[in-house]
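Data block below; observations after.
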Amino acid sequence: MTGVSFDSVFRPGRIGTLSLRNRIVMGSMHLGREADADDGRALAAFYAERAAGGAGLVITGGWAVNRAGAGGPDYGFVNERAGRSALTRVASAVREARGRIALQLFHAGRYAPAGSAGAEPVAPSAVPSRFSGVTPRALTGPEILATIEDFAEAAGNARAAGFDAVEIMGSEGYLLNQFCSPLTNRRDDEWGGDADRRMRFGLAVVRAVRAGAGPGFPIIFRLSGDDLMAGSSTAAEVAEYARRLVDAGVDALNVGIGWHESPVPTVQALVPAGVWIRYAGPIKAAAGAVPVIAGNRINRIELAEPVLRAGSVDFVSMARPFLADPGFPRKARSGRLDLVNVCIACDQACIDRSLRGRRVSCLVNPRAARELDLEATAHRAGAGTVGRHRFAVIGGGPAGCESARALAELGHEVELFEAARELGGQFRLARTVPGKADYGGTIAYYAAELARLGVRVRLNRPISGREAGHLAGFDGVVLATGTRPRRARVPDSGHPLIVDYPAAFRRWPSGTRTAIVGGGGVALDLAHFLSHRGETGDGHREFLADHGLVPDDRPESRNPRVTLLGRGPRFAPRISPSTRWALLDAVRRSGVELMPGVVCERTEAGGVRVRDANGEQRLVPADLVVFATGQEPEDTLVPVLAGLGVPYRVVGGARAAGGLDAVRATEEGLQAAGELAGLAGAARKRTIRVLP
Ligand code: SF4
């Protein structure tokens, strides 16, 4: 199915004494399940599935070395009895899956939320954090020594629990990184004052971890390739730190990028894939024979191969791709790249949830980090236990596709009806937005996966109310017909200048002055789509220039002529918070005029007549006016289904259009599949019981 070669990816490698079967490292991700009271069962299932899926090395989310080090109330503690027991189960499960696993030793420092684990936030100095909203207390000298000892004890516990290695978290602005930076280390004692002394804490932690873990136990150190913070450590200091870490005894360096407070986006969809690999170069040069791991925004294994082949790093770290598809290395190895479910960098179910202290999952794989929960649900529902049933799914957007996939995987016969000539629903529009091309990958994945599972996909096949009667022949129906654009509530909604947003995403004459009426996520995406300057090749140069990381030698070309007219005071308040600020920054940089607090009174020749936030009437000039004022559920079949006497579920936008929340859509799609399969199984059981 693929002509892509993965010779470099599937070459065995070594980190110290540890042999690894390939060059793909599953990067650390906090899951929000580390403190679950299940003795590590959910975590063990999660990590074992990724190990079985082909990760060369799995690195856990961060486990705090002491109470002050927790990044939130849902963190686990390496040096406490409950944590050690859970971690023993995790390591054993990964070993059974023939994988290798490293435990990440973590201290949040000033990124710890106030009082989250019964301890006050501490840091090298009392410098407030915009990210956590706290002003930490400066650690005393004895407390610094005690923290170093906590790392040593944690390393010993990791080894005793059966882990193959540890990773020390020293980047992304957490405690060790805070010690290195003059921005957060204002001390003038042996732990701060100049670059030499700022590096001391990290180096002392490495030596203590070596002592705690014993000789030969692999130690990975994750250091910051660049903090992306004005006035922080210099490139020369980072390279020197890398050299000293190697001298102190680390077995691999893993290159992180940026702080959580950085004004430069690092993981959002609008960050070009692979752009951060360049920061590994100087570290690789400094590391000598010690292997270097790097990643961040490498979301496809096809991108890992050339990076490894070029020799710029020894291992590629991929984190979120393992949420989206736990088995992508195995699929790539067997030539089935078409079956890989690609991470679309939406952040919605992973990073955003993690920032809100909620359990992590994945928009395109709602089963992620809930492996046992869903198995238990299916078992309770009796799904798949009695007979094979027939189900219809109406609508081929992400929610409908997920329902169809899950039902087929449970062994049922599934027919999916889609009105358009292609699957994808709203993702068909989304994939045209700059940075969102991978949304097309989700469509391609579902098409391939549904074909593999034998789902009969009927494209160009709308179901009208009149013909819905034939659905009575199915054992259950999922209605996933999505949304339709909300009609403009203005007196002149038929004005010739007005188009609806799906049309605007499809065709647009260049040079058109456009007024977008709407302040939500679709309106913002459309503004980005219409104003994007375009890029050459991989887009790295443009992105780096946009953020002042390389000189900007592009000619001035800000002519998008797009005005965004929002009714509320804030644009897109409900979209992913980790993406919103970066997207607003991008459209502003492209010259889009953002007008909040605007009431649109009418469309007229020449533009839109509005009352602005100051109550003044004015004409916003426009050749075309796009109404992106939200969606309404496309639920016209609900009354028909209700009268059929067949179990049915309404999911995604068809159930509720509030916000454009694809996470909810796919979760509901999966849930509906389990429920309908369970109902059908239970009905069959009842029938069997009454037969003579
Ligand atoms: Fe990737 Fe989005 Fe899934 Fe997170 S939720 S892993 S960003 S696809």
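Ranking Ile344, Leu308, Gly327 by Cα position along the charge dipole of region 272-418, where only Lys, Arg, Asp and Glu carry charges on their C-beta atoms, puts Leu308 farthest toward the positive end.
Between the alpha-carbon centres of region 300-333 and region 523-579 there is a gap of 28 Å. For region 205-213, putting each phi into the Karplus relation 6.51 cos²θ - 1.76 cosθ + 1.60 with θ = phi - 60° gives couplings of 5, 4, 5, 5, 5, 4, 5, x, 8 Hz, in residue order, rounded to whole numbers and with x for Gly and Pro.
Students often get this wrong: which residues of region 202-236 have the backbone nitrogen under 17 Å from the point 7 angstrom along Cα-to-C-beta of Ala285? Once the point is set 7 Å along Cα→Cβ of Ala285, 225-226, 234-236 turn out to lie under 17 Å by backbone N, inside region 202-236. Using the alpha-carbon centroid of each, what span in Å lies between region 96-144 and region 21-60? Region 96-144 and region 21-60 have Cα centres separated by 22 Å. Between Arg359 and Asn460, the contour length at 0.36 nm per residue exceeds the Cα-Cα span by 32.6 nm. Annotation: amide H of Phe417 within the under-5 Å range of Val393, Ile394, Gly395, Arg458, sequence separation 5 or more or interchain, hydrogens built in the peptide plane. Seen through its C-alpha gyration tensor, with square-root eigenvalues sorted a ≥ b ≥ c, region 410-489 comes out oblate because a/c lies at 1.5 or above while a/b is not bigger than b/c.
For the chain, the longest principal axis of the alpha carbon atoms and the long axis of helix 577-589 meet at an angle near 80°. With a ≥ b ≥ c taken as the square roots of the eigenvalues of the C-alpha gyration tensor of the chain, please select rounded if a/c is under 1.5 and otherwise prolate if a/b is larger than b/c or oblate if it is not? Taking the square roots of the gyration eigenvalues as a ≥ b ≥ c, the chain is oblate.
Thinking of region 252-328 as a set of Cα atoms, what percent of all their pairs are more than 20 Å apart? Of the Cα pairs, 31 percent sit more than 20 Å apart.
For Glu120 and Trp581, what does the FRET efficiency come to when R0 = 41 Å and r is the distance between their Cβ atoms, rounded to the nearest 0.05? Spell out each step's value before the answer.
Working: r = 28 Å, r/R0 = 0.69.
That pair, Glu120 with Trp581, gives E of 0.90.
Among Tyr47, Tyr445, the order by Cβ neighbours within 10 angstrom, fewest to most, reads Tyr445, Tyr47.
Between Arg278 and Glu190, the modelled label-to-label distance comes to 4.1 nm, taking each label 7 Å out from Cα in the direction of the beta carbon.
Only bridges with both residues in region 551-670 count here: give the DSSP antiparallel percent, nearest 5. Working shown, then result.
Working: 10 of 13 bridges.
In region 551-670, DSSP labels about 75 percent of beta bridges as antiparallel.
Only helices enter the 222 nm calculation for the chain: every DSSP H run of n ≥ 4 contributes -39,500 (n - 2.57), and dividing by all residues gives -10000 deg cm²/dmol, rounded to 500. A straight chain from His260 to Ala138 at 0.36 nm per residue would run longer than the Cα-Cα distance by 41.9 nm.
FRET efficiency for the Arg200 to Ser312 pair, using the beta carbon distance and R₀ = 25 Å, is estimated at 0.25. Exposure proxy ranking for Met29, Met169, Met318, based on other Cβ atoms within 10 angstrom of each Cβ and starting from the fewest, stands as Met29, Met318, Met169. With axes computed from alpha carbons, what is the tilt in degrees of helix 662-690 against the longest principal axis of the chain, rounded to the nearest 10 within 0 to 90? On a 0 to 90 degree scale, this one is about 70.
Take every Cα pair under 8 Å in region 246-312 that's 6+ residues apart, average their separations, divide by the length, and report that relative contact order as a whole percent.
Relative contact order, region 246-312: 42 percent.
What fraction of the DSSP beta bridges in the chain is antiparallel, stated in percent and rounded to the nearest 5?
About 20 percent, rounded to the nearest 5.
The C-alpha atoms of the chain define a longest principal axis, and helix 141-161 lies at about 70 degrees to it.
Over region 1-157, what is the percentage of antiparallel beta bridges among all DSSP beta bridges, to the nearest 5? Show your work: numbers first, answer last.
On the way: 3 of 13 bridges.
Percent antiparallel among DSSP bridges in region 1-157 is about 25.
Post the alpha-carbon centroid distance, region 244-286 to region 406-458, in whole angstrom. Spelled out, the Cα-based centre of one part sits 35 Å from the other.
Taken together, the values in this text are just the output of simple stated rules run on the coordinates, not laboratory data. Being a predicted model, the structure only gives us computed values, none of them experimental. Using ideal geometry, Cβ is built from the backbone for each residue, glycine included, and neighbour counts are taken over all protein chains shown.
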